[in-house]
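Visitor: Submitted below is the structure of interest, expressed as structure tokens.
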Amino acid sequence: TPHHPLADASYSGAPTTLPSAMLDGDPATGWSNAFHKPATALLPAFDGARKADWVSVTWSGRRRLRRVEVSITVDAKHTLPASIEVSAWNGHAYVPVRGASITWATDSDTPTVITFDPVRTARLRLDLTSRHPGAANGAQRIVALEAGDG
């Protein structure tokens, strides 16, 4: 049986930055969409940030949620996203939560807090849009993600 909660992402930049690292309780590890493609005979090296990616968390059963805290790294390769949209799984599709309000972190790896009208769901997804798409400093890295009713 799978261990819950389960983390997933639309893209991971390296084998060491997989989604499960958001939930492992270790601030030294995290999910990231930063990548580096080495130069080839035809193409130069490339590490420009992806325009957008999503991360998700799935629990073993539905729970009441109205808050998510996501700790994002700010460094030479990573920035806070330009936007974060939170969606809850309704059994058929992800639907944006209502009443979302974001309090952005002021330091690297500290919680950005998103509150919203309560939802009952077993899955939450965060859509992250890069502040600097295509740039070397526009990737996202999440070291912790916690959702709850508080």
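Visitor: Can you tell me how many residues within segment 1-25 are outside any loop (DSSP other than H, G, I, E, B) and of a type in the set (Gly, Ala, Ser)?
Guide: Residues flagged as outside any loop (DSSP other than H, G, I, E, B) and of a type in the set (Gly, Ala, Ser) within segment 1-25 amount to 4.
Visitor: So which pairs qualify, if the first residue must be in segment 106-133 and closer than 15 Å to Val55 by Cα, the second must be among the acidic types (Asp, Glu) and open to solvent by less than 40 Å² (accessible area, probe 1.4 Å), the Cβ gap must be under 6 Å, and the two must be at least 6 apart or on different chains?
Guide: Filtered contacts from segment 106-133: Leu128/Asp53.
Visitor: Could you please let me know if Leu43 is in a loop (DSSP other than H, G, I, E, B), within 18 Å of His132 (Cβ to Cβ) and open to solvent by 20 Å² or more (accessible area, probe 1.4 Å)?
Guide: For Leu43, the condition - in a loop (DSSP other than H, G, I, E, B), within 18 Å of His132 (Cβ to Cβ) and open to solvent by 20 Å² or more (accessible area, probe 1.4 Å) - is not met.
Visitor: When you scan segment 26-40, how many residues do you find that are outside any loop (DSSP other than H, G, I, E, B) and farther than 22 Å from His4 by Cα? Don't jump to the end; show me each part of the working.
Guide: Start the filter on segment 26-40 by keeping residues that are outside any loop (DSSP other than H, G, I, E, B), which leaves 31-32, 37.
Restricting the remaining residues to those that are farther than 22 Å from His4 by Cα gives 37.
Counting residues in segment 26-40 that are outside any loop (DSSP other than H, G, I, E, B) and farther than 22 Å from His4 by Cα gives 1.
Visitor: To continue, here is another question. Return a yes/no flag: does segment 51-59 have any residue that is among the β-branched types (Val, Ile, Thr), closer than 14 Å to Gly13 by Cβ, at pLDDT 90 or above and touching a Pro at 6+ places or on another chain (Cβ under 8 Å). Please lay out each step first, then the result.
Guide: In the first step, residues of segment 51-59 are kept if they are among the β-branched types (Val, Ile, Thr); the result is 55, 57-58.
Those left that are additionally closer than 14 Å to Gly13 by Cβ: 55.
Still in the running and at pLDDT 90 or above: 55.
With the extra rule that they be touching a Pro at 6+ places or on another chain (Cβ under 8 Å), the set shrinks to 55.
Scanning segment 51-59, I find at least one residue that is among the β-branched types (Val, Ile, Thr), closer than 14 Å to Gly13 by Cβ, at pLDDT 90 or above and touching a Pro at 6+ places or on another chain (Cβ under 8 Å), so the answer is yes.
Visitor: Sticking with this structure for a sec: Check segment 73-80 and report whether any residue there is open to solvent by 30 Å² or more (accessible area, probe 1.4 Å), assigned to a strand (DSSP E or B) and touching a residue at least 60 places away in the same chain (Cβ under 8 Å).
Guide: So far as segment 73-80 goes, no, none of its residues is open to solvent by 30 Å² or more (accessible area, probe 1.4 Å), assigned to a strand (DSSP E or B) and touching a residue at least 60 places away in the same chain (Cβ under 8 Å).
The values are calculated or read from the model by the stated rules, or taken from the named source; none is laboratory data. These numbers come from a predicted model, not from an experiment. Quick reminder, even Gly has a Cβ in these numbers, built from the backbone with ideal geometry, and neighbours come from all protein chains shown. Heavy atoms of the whole protein, side chains included, go into the accessibility calculation; ligands, DNA and RNA do not. Shrake-Rupley method; radii C 1.70, N 1.55, O 1.52, S 1.80 Å.
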